[in-house]
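Please read the structure below before turning to the comments.
The values are calculated or read from the model by the stated rules, or taken from the named source; none is laboratory data. Quantities reported herein were computed from a predicted structural model and do not represent experimental measurements. Cβ coordinates were reconstructed from backbone atoms using ideal geometry, including for glycine residues, and neighbour counts include every protein chain displayed.
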Amino acid sequence: MASPQPKFVTVQQYREAEELATEKHEYHNGRIYAMSGGSLNHSLITLNIAREIGNRLMGTKCRTYSSDLRIYIEASGLSTYPDLSVVCGKAISSSGSENEITNPTVLVEVLSPSTMKYDLTSKFEFYKGIESLQDVIFIWQDRPQVELRCRQLDGDWISTMTIDLTGNVEIPSLALSISMNEIYYEVEFISDTESLDVRESRTEYNSQHPFSPVHSAV
């Protein structure tokens, strides 16, 4: 017998359920996906770059927000929690919730094996729909590798990859530079990178009981 298909969830139903949830969930096209917890390296890298960017932005018009801040992308209807968000100027809440904003300037994602493909492809395409967004930073946690994708004046995006611990990551929209050593401070890399599974995997949730797992989308 075929398994039941999850019913469509409105964005407002998602928002209301998310206020009561003990874990974070992503929303897109009427479906809700679990966002799994991070590894030791994921947590350490996120804290490192948040500290470095936050300290450098003190006294400016830009503020740094943790992964507790939800971003809503009106162009695609995606609601998600980047690992780090920077907003320059006043944060603008979505029309549906004061707990999610629509105008980040910089987004940071520390890549996890289970969602790396999604983050680097589909999710980035969604991010491009944010008019205020200028830079997206992707950080690998199993090796010293950082990719900066920067929006150009003509709307195109260019990519700069840094793969050396002696290098620096330049963030044009914030006019600051962060060294790879600062990003990876006290991070211990795993030795067998070939063992990482980089397939896309997100767990979808049932609309009748939004936080009961239905299946894993691969």
Tabulated pairs, region 115-144, first aromatic (Phe, Trp, Tyr), second in a loop (DSSP other than H, G, I, E, B), C-beta under 8 angstrom, 6+ apart or interchain: Tyr118/Glu200; Phe126/Ala75; Phe126/Ser76; Tyr127/Leu133; Phe138/Leu111; Trp140/Leu111
State whether the residues of region 11-24 include one that is modelled with pLDDT of 95 or more and within 28 Å of Ile190 (Cβ to Cβ). no
Considering residues that are among the charged types (D, E, K, R) and touching a Ser or Thr at 6+ places or on another chain (Cβ under 6 Å), the number found within region 112-142 is 2
Report, ordered by the first and then the second residue, all pairs with beta carbons closer than 8 Å, sequence separation of six or more or different chains, a first member in region 78-107 that is over 19 Å from Leu148 (Cα atoms) and free of Cβ contacts under 8 Å to residues at least 12 places away in the same chain, and a second member that is among the hydrophobic types (A, V, I, L, M, F, W, C) and surrounded by fewer than 20 Cβ atoms within 10 Å (Cβ to Cβ). none
What number goes with the only condition from (1) touching a strand residue (DSSP E or B) at 6+ places or on another chain (Cβ under 9 Å); (2) surrounded by fewer than 18 Cβ atoms within 10 Å (Cβ to Cβ); (3) more than 26 Å from Gln13 (Cα to Cα) that Lys117 does not pass? (1)
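Output the strands (runs of 3 or more DSSP E) that fall wholly within region 111-218 and possess 2 or more residues being at pLDDT 95 or above and of a type in the set (A, V, I, L, M), or say none. Walk me through how you get there before you give the answer.
Numbers: elements: 135-139, 146-151, 157-162, 168-171, 176-179, 202-205, 213-217.
By residue number, 135-139, 146-151, 157-162, 168-171, 176-179.
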Hey, does region 153-163 have a residue that's in contact with a Ser or Thr (Cβ under 8 Å, 6 or more places away or on another chain), of a type in the set (Phe, Trp, Tyr) and either surrounded by fewer than 19 Cβ atoms within 10 Å (Cβ to Cβ) or closer than 20 Å to Met35 by Cα (or both)? no
Within region 129-149, how many residues are buried (at least 17 other Cβ atoms within 10 Å of the Cβ) and more than 18 Å from Met35 (Cβ to Cβ)? 12
Determine, yes or no, whether Val9 is β-branched (Val, Ile, Thr), in contact with a Phe, Trp or Tyr (Cβ under 8 Å, 6 or more places away or on another chain) and under 25 Å from Pro172 (Cβ atoms). no
